1. For residue 219, go through the lysines and keep the ones whose alpha-carbon is under 18 Å away, minus same-chain ones fewer than eight residues off.
2. Quick one: 3J(HN,Hα) in Hz for the range 176-182, Karplus 6.51/-1.76/1.60 with θ = phi - 60°, rounded, Gly and Pro as x.
3. Per the helix-only calculation at 222 nm, which mean residue ellipticity applies to the chain, given -39500 (n - 2.57) for every DSSP H run of n ≥ 4 and division by its residues, nearest 500 deg cm²/dmol?
4. For residue 87 and residue 205, what is the calculated FRET efficiency with R₀ set at 35 Å and r taken between the beta-carbons, to the nearest 0.05?
5. In a Gaussian network model over the chain where Cα atoms closer than 10 Å are linked, find which of 137, 75, 47 has the largest mean-square fluctuation.
6. Identify all lysines with a Cα-Cα distance to residue 135 below 17 Å; exclude those on the same chain that are fewer than 8 residues away in sequence.
7. Quick one: Karplus J couplings for the range 86-102, per residue in order, coefficients 6.51, -1.76, 1.60, θ = phi - 60°, nearest Hz, x for Gly and Pro?
8. Relative contact order, percent, of the chain when contacts are C-alpha pairs under 8 Å separated by at least 6 residues?
Amino acid sequence: MKFIPLVLSILTLFLILVPKILFAGEWVISSYPLFKIMQEIFKEERLHLIQPPKGEFHFADPTPKDWQRVREAELLIIVGTEPWAKKVSKILPSGKIFSLTKTGEKYPDPHLWFDFDRLERALRELTELQVVKAKPLFSTYKKRLEDFLLKLREVKKVYQSLKNCPQREFYSLGHGAFYYLSKEASIKEIPLIKGHHHGEISSKKLREVLQSIKEKRIKAILLTEREFIRYKRTFENEGVEVLEAWTGDFDIPGDYLSLLEDNLKVFKKILNCQ
C-alpha cells in the first residue's frame, strides 16, 4: 500500500509533462490561410492547424485539446478576428503570439489574410520575434519570406488592374469576403447577406437579388458561402452562372499564392475582363 502514493505522484507528473513534451516547439495556427503561408515559409517547423478539416473560420472553436496545445505552444499564430482570439492574451505572453491585428484595433472586414499590405507588414514583424530569430534556419526563412513577398506584390498589381474591367461591381452568394481585394481594384462587392448566416434565405430576398442582377445584365456571381450552394440552380435557371472563389474561411487544395491566382481568374470572368 505504501507504493500507492508514489505511483499516484508519478502518474500526476506524467500527465503534467506529457503535453509539454508532445507540444514543445509547436507552432499552433488558427486558420487555413495562415497555415498555408507558414507552410511556404517555415515548413521545417512543427506546424499544427487547429481549424478542423470541415470547420468554418467564423464558427470554429478550439477543443480542450486545442487549448492545451495553445498553452504549450512555442508560438501561436492567429488572424486576430477569430471569435476566441481575445482569450489568448490571458494564456500566453505577447512574445509567443503572432496576430494580424493589434490590441483594440477595429477592422472593416475579418478576412485580413486578403489585406496584402497588412500581411506583408505582419510577416516582417514575425521574423523580428525572438523565438523566430533564434532558429538555426532563420536566414533561410528570411530568404523565403522575401521570395514570398515579391510574388505577393506581383499578385497585388494584377488585382489592382481589375479596376480596368468594364463591370465595377459583383454579387456574392453568401457573406462578403472580398472587401480588401475589392478595395485594391476600387470595385464593389454586393453580398447576399450581411454578416455570417446559417439557414434559409427567403424567396423574397432571392427574387430581389435576381431582379437586380437581371436589370444590370450581370451574367455571373460568386459563391462565398458553401452552405448556399443549394441556391445555385435557382440562379442558373435564370441564366446566371455561379462561380466559386476561395474565401479562406474553408480549405481547398493549393497554396496561398496559387489560390489567389485562381481567384483572379474568377474575378476577371465575373467582371467581364478580357
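1. Of all the lysines, those that pass the test against residue 219 - Cα under 18 Å, at least 8 places apart if same chain - are 188, 232, 265, 268, 269.
2. Those phi angles translate into x, 10, 10, 4, 6, 5, 5 Hz.
3. -13500 deg cm²/dmol
4. Here the calculated transfer efficiency is 0.50.
5. Maximum among the listed residues: 137.
6. By straight Cα distance, residue 135 reaches 43, 96, 143.
7. 5, 6, 5, 5, 8, 10, 10, x, 4, x, 10, 10, 10, 9, 6, 10, 9
8. Working: 345 pairs, mean separation 49.2, N = 274.
This gives 18 percent for the chain.
Any read-out appearing in this document is the output of simple, stated calculations on the displayed coordinates, not a laboratory observation. Owing to the predicted nature of the structure, the values given are computational and were not obtained by experimental measurement. Positions of Cβ are generated from backbone atoms using ideal geometry, with glycine treated the same way; all protein chains shown enter the neighbour counts.
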